[in-house]
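Peer 1: This is the structure I want to talk about, given as structure tokens.
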Amino acid sequence: MPSAFSPARTVVFRLHWALGLTAGLVLALMGLTGALMSYEEAITAFANRDRIQVSAAQDQPPLTPSALAARIEAQLPGQRVSALTLSGDPAQSAVARFARDRAGGRPSPVYADPTEGTVLGPVRLEAFFATVRELHRWLLLPGEGKGWGRTITGACAIALLVFLGSGLYLRWPGRHRWRVWLRPNLARPDRARWWSLHAVAGTWLLPVYAVSALSGLWWSYDWYRAGATWLLTGQGLPARAAERAPGGKLPDGKIPDAASAIDTAWAEFSATHTASVATLSLPGPEAAAIRIRWYAPDSNLRNEATYDARTGAGLTDKRAADAALGPRLADNMLEVHRGRFFGAPVALLFCFAALALPGFFGTGLTLYVLRRRAGQRRVTGRASRPAEASVQG
């Protein structure tokens, strides 16, 4: 680490440690919660392993979505199923999620047997991970996504980008060889050792943190999301779907039947798609479309199909495999943020990088404390030398 800075480097250095002592603490918390969320599905599946599997020997076909929802609602009076997650494996149970109640709360999702509709129990750890998500996104502050918490986490994501740029600038002296840049020297004494560990780890993880910060801002600021969508797709944010379905009767004079439309849409989807898991959103009585989000086998990329809420006829069919890279990124930004867009090994690297954020805060704080102590010793030494000189005189 240089012993003396130019005025410009001094400003950058002070900005780096000032943000580290403030935004760094929030980023450390976001890193821990983000690492947990990286493997939320796997952890939840392990905790609910006794409820995920149903009897493998099933002679009867699975219930239609409307019948399954009706049986679940009959066992849980007062709750309305808003979405069903159905697996391509007949030995796996379905997951039912519910609409918000009158108080604004959302009941816990439950597992259900897809062939009999029997509720197997609530999803364990759902409340825990809901708290983790709220802590990660808006620090549990009032207002949720519309309050100050979202603004703070968004500002900290920008601060992470500033960390990357300023840290790279502070490491830039041309005399450094590649080994100094990429291999920490833990044999160096005191502050130099901590600086080497802090700087080299940051250099290795710089691309990961850049992707995490840039993708995380997607949920922080509407203007950023609109701009990023335009850059990736050449279009603005998609217009919201019509909130209300066309009124009246069908062309043949029949009154629309929501349950029939849902089952028709699901039958058409099942006949034309091979999904490992699919989430069917059950529309309310005035919704315009039925939406099915699904994942192909051995793929982490989300696909989406929509169907007419009155007839069940197909409307759109967006498949990630058919899209260009930009639209794929825009449609799967959560998977980009978690690293799963790039494959399982990269997702693991993103998880380790998230866990390392508290370490960066800790090493940065250690460097700050050691620097302050060194400065105090220098001040004390300069103050004592004149006194010694006067005594000798």
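The values are calculated or read from the model by the stated rules, or taken from the named source; none is laboratory data. Not measured: the values here are computed from a predicted model. All Cβ positions, even for glycine, are placed from backbone atoms using ideal geometry, and neighbour counts span all protein chains on display. With ligands, DNA and RNA removed, areas are computed over all heavy atoms of the protein, side chains included. Shrake-Rupley method; radii C 1.70, N 1.55, O 1.52, S 1.80 Å.
Peer 1: Condition (residue is in contact with a helix residue (DSSP H, G or I) (Cβ under 8 Å, 6 or more places away or on another chain) and in contact (Cβ under 8 Å) with a residue 60 or more places away in the chain) applied to the range 279-301: is it met by at least one residue?
Peer 2: Yes, the range 279-301 contains at least one residue that is in contact with a helix residue (DSSP H, G or I) (Cβ under 8 Å, 6 or more places away or on another chain) and in contact (Cβ under 8 Å) with a residue 60 or more places away in the chain.
Peer 1: Then there's this: How many residues, within the range 124-140, are open to solvent by less than 60 Å² (accessible area, probe 1.4 Å) and either of a type in the set (D, E) or not in a helix (DSSP H, G or I) (or both)? If you could, list the steps in order and put the result at the bottom.
Peer 2: Of the residues in the range 124-140, the ones open to solvent by less than 60 Å² (accessible area, probe 1.4 Å) are 126, 129-130, 132-133, 135-136, 138-139.
In the following step, the residues that additionally are either of a type in the set (D, E) or not in a helix (DSSP H, G or I) (or both) were identified as 126, 139.
Residues that pass the stated criteria total 2.
Peer 1: Working only within the range 304-335, note down all residues that are within 16 Å of T233 (Cα to Cα) and crowded, with 18+ Cβ neighbours inside 10 Å.
Peer 2: Result: A320, R328, L329, A330, D331, N332, M333.
Peer 1: Looking at the range 263-300, which of its residues are under 16 Å from S87 (Cα atoms), open to solvent by 20 Å² or more (accessible area, probe 1.4 Å) and hydrophobic (A, V, I, L, M, F, W, C)?
Peer 2: Within the range 263-300, W266, A267, A271, A275, V277, A296 qualify.
Peer 1: How many of the residues making up the range 40-69 are without any contact (Cβ under 8 Å) to a residue 40 or more places away in the chain and touching a strand residue (DSSP E or B) at 6+ places or on another chain (Cβ under 9 Å)?
Peer 2: Final tally of qualifying residues: 1.
Peer 1: Return the residue satisfying two criteria in turn: it lies in the range 171-204 and is open to solvent by 90 Å² or more (accessible area, probe 1.4 Å) and under 21 Å from R9 (Cα atoms), and of such residues it is modelled with the highest pLDDT.
Peer 2: W172
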